[in-house]
Amino acid sequence: PEKARHRLRYCITLRQPCPAALCSRWSRPGADLMVVAETDKPDDVEFGGEKTSLLQQGLGPSYGKAPPSADAKLPAAGEKEAAEEETDDLCPTSAKYYPFLDVTRIVCVGLVCVDHGDPEFAKWNVILVQGWVLQFLFLVCGVCYGMSKKSLLGYELRLLKYAILGICINWSAWLLMGMDWKHNFFGVVFHIWFIVGIMGYALILYPLRIYLAKVREQSDSQGYILSSEVEQSPSQDDDSVEMAITVRRRAQDRDSWVWAIAVILGGVLALLVLFHVVVQPLLLLVAPLVLDFFKTLGTGVAFWGLPEDIDETYTFLLRICQYTNASITNIYLIVGCTKMFKRRQIAAWIVIAHTYLNRCLFYRAADERAFHGLDLTLIALSVYYLGLLHRRKLGEYLVRYWFCLIMIVIPIWPLGAYGRFDENPPTDVGMRIRYNSLEAIAILTWFLAADRVFDIKIFTEDKLDWMNDWALLAFLVHKAIHIMLPQPWNWIAIIALIPACYFRRHYT
C-alpha cells in the first residue's frame, strides 16, 4: 500500500528501526528504498487495529515535557528540519516584528551623538564602543536592505533625500558660524558620508541581493533527496539495507566536501593572483588622476587617510587593490558556498571567518573603513537571507552564560589603551589581533543573541516606537548642534528632541 511505502521511506530518513509488520509487507526485489523526499508525509499506519507513532520508538524522557501520546499525529517528513533551519534565520518568517533592529539603531545613534560631541569617550574606548557602535549600524542597514520591498531606484532615492537634508543642515551650521566650508567640503558632509556609503553599497550588492533571495526561496521549497543504486533483494534484511545506504551516503558526502573545498580554495587563490598580478599595475597608471580628484575634496581627506601626494597615492592604490580583493573574495565565497554545500547557513560563517582572519593577519590603514563598511553590510545581507548555522542553539548558550562572555572579553583589551584604533588601525600585530577579535566577538554576539536580548514589549506595551523618530532626527542634526552650541547646551538641545518626538507622535 502507498501508506506503507511512505512510512518505510520515513524510517530510513530518521535511521529508525522499521516495524516488522511493515518490512514484511514490503520487501520485494528491486524495491526503490533509496529515494527519500521531504514532501513524503506518511500518515499513521494501523498495525492490528492500533495506531503506532513512529517517533515514539527510541525516545527518552524529556525534561518538563509530557511524553508523546500514541495518537499524536506524525509530522510531515522534513518538517522538523525545516523548523530548525528557520530558527537559524536572523529574521524568521514566523515573526512579524524584529525589535532588536530598532533598539540597536537607537542606542548606536545615541552613542554617535556622544562621540561627535566629546571624542574623549571613544578615545578611551569606554564600554568598547570602537568595536561595535558603527559596526552595528552597518549590520542594521544590511539587514534592512534585505528586508526592504522597494526597488533599487526607490531605495536609493529615499537615502538620497536624507543625505541632501543632512548635508544642508551641516552646511547651514558652517555658514552661521563663519567657518571656511569652501576649502573643506569633505568635512561639511562629515557623518552624512555614512548615508552616501550605504547608497553605494546598495548599488554594489544589488545583484547579490537578487541571487540570495532566489537561493533562500529555492532552499525553502526544495525537498531533501537521496539517491542510490543500492537495491534490496529478497534475502537482504533491513539492517544490511540500512548499512548500505549509510555507507553510500557517507562516501558521497565525503566526496562532495572534498570537491567543494577544492573549488572554493581554488577560486580564492585565482582572485588573489588576478588582483596582485593584473589589477595592481593597471591601478598605478591612473595614480595622477586619483590624486587630482582627492585634492578637489579639500583638507578633510586627511581624516580618512586619503593621499595628499603622488607617493602616498601609489601606496594608497596598492592598499585599495588588497581591500578590493578581500571584498570580492567574500562575494565569491557566498556564491560558491551556496552552490557547493547543501546547507545555505554555512556560507555566512565562512565569510565572517575570512573577513576577520584577513583583518587580523594583514594591516589595514585608515582608508580601509569604506571597504570595511561594505564587508559588514555584505555579511549582514548574507546572514539575513542565508541564516547562520546553529544560530538558535548557540544563542541559547550565549544568553545563558553571558557572564562568561564578559570574563573572556575584558582581558583582551589592554588596560589604559588610548586612541581611535578604528580610525587609525594599529600596526602592531598583537594590538591588531586584540582589536579585531573584540569586534568579531561583538558581531557574532549580535547575530546570535540580539533577538533574545531585546523584548518586543518595549514597543508593544511601553509604546517607545517614537524613539525611532528621535534616532533619525538626532542623526541628521546632532553635528550641526555640536557646531553651533557650546556645552552643556548642545546636550540639552539633543535631549530636548526626545520629548518633541514623543509629543509629535502622540498628540499630532
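The values are calculated or read from the model by the stated rules, or taken from the named source; none is laboratory data. Model, not experiment: these values are computed from the prediction. We place every Cβ from the backbone using ideal geometry, glycine too, and count neighbours over all the protein chains shown. What goes into the accessible areas is simple: the full protein's heavy atoms, side chains included, and nothing from ligands, DNA or RNA. Shrake-Rupley method; radii C 1.70, N 1.55, O 1.52, S 1.80 Å.
Computed about the Cα centre, the dipole magnitude for segment 139-224 is approximately 180 debye when only Lys and Arg (+1) and Asp and Glu (-1) carry charge, each at its Cβ.
Positive contributions from Lys and Arg (+1) and negative ones from Asp and Glu (-1), summed over other residues with Cβ under 10 Å from the Cβ of Y385, come out at +2. Once the C-beta distance of L165 and K342 is scaled by a Förster radius of 56 Å, the resulting FRET efficiency is 0.75 to the nearest 0.05.
Coupling constants for segment 148-165 follow from the phi torsions by the Karplus curve (6.51 cos²θ - 1.76 cosθ + 1.60, θ = phi - 60°), and in residue order they are 5, 9, 6, 6, 4, 5, x, 5, 5, 5, 5, 5, 4, 4, 5, 5, 5, 4 Hz; glycine and proline get x.
Extension gain for E396-K295 works out to 31.2 nm (0.36 nm per residue, less the C-alpha to C-alpha distance). Taking other residues whose beta carbon is less than 14 angstrom from the beta carbon of T315, and scoring Lys, Arg as +1 and Asp, Glu as -1, yields -4.
Of interest is the spacing of the C-alpha centroids, which for segment 299-369 and segment 381-456 amounts to 19 Å. Taking a spot 7 Å from the Cα of L175 along the direction of its beta carbon, which residues of segment 453-487 have an amide N less than 19 Å from it? Output list for this probe position: 476-485. With a cut-off of 18 Å on the backbone N, the residues of segment 476-508 near the modelled label site 7 Å out from K463 along Cα-Cβ are 498-508.
Carbon and sulfur atoms: what percent of the 1.4 Å accessible area of segment 379-508 do they account for?
Accessible surface attributable to carbon and sulfur in segment 379-508 totals 68 percent.
Measuring with a 1.4 angstrom probe and ignoring ligands and nucleic acids, H506 comes out at about 80 Å² accessible. Sorting the segments 343-356, 399-412 by their residues' average number of neighbouring beta-carbon atoms within 10 angstrom, most packed first, yields 343-356, 399-412.
How much net charge surrounds A471 when only other residues with a Cβ under 12 Å from its Cβ are counted (Lys, Arg +1; Asp, Glu -1)? Neighbour charge sum, excluding A471 itself: -2. Calculated accessible area for segment 324-450 comes out at 41 Å² per residue, all protein chains present (probe 1.4 Å; ligands, DNA, RNA ignored). Extension gain, I433-Q280: 0.36 nm per intervening residue step, less the Cα-Cα distance, totals 52.4 nm. Among the listed pairs K123/K182; K149/K463; K150/K214, those with a Cα-Cα distance over 19 Å are K123/K182; K149/K463.
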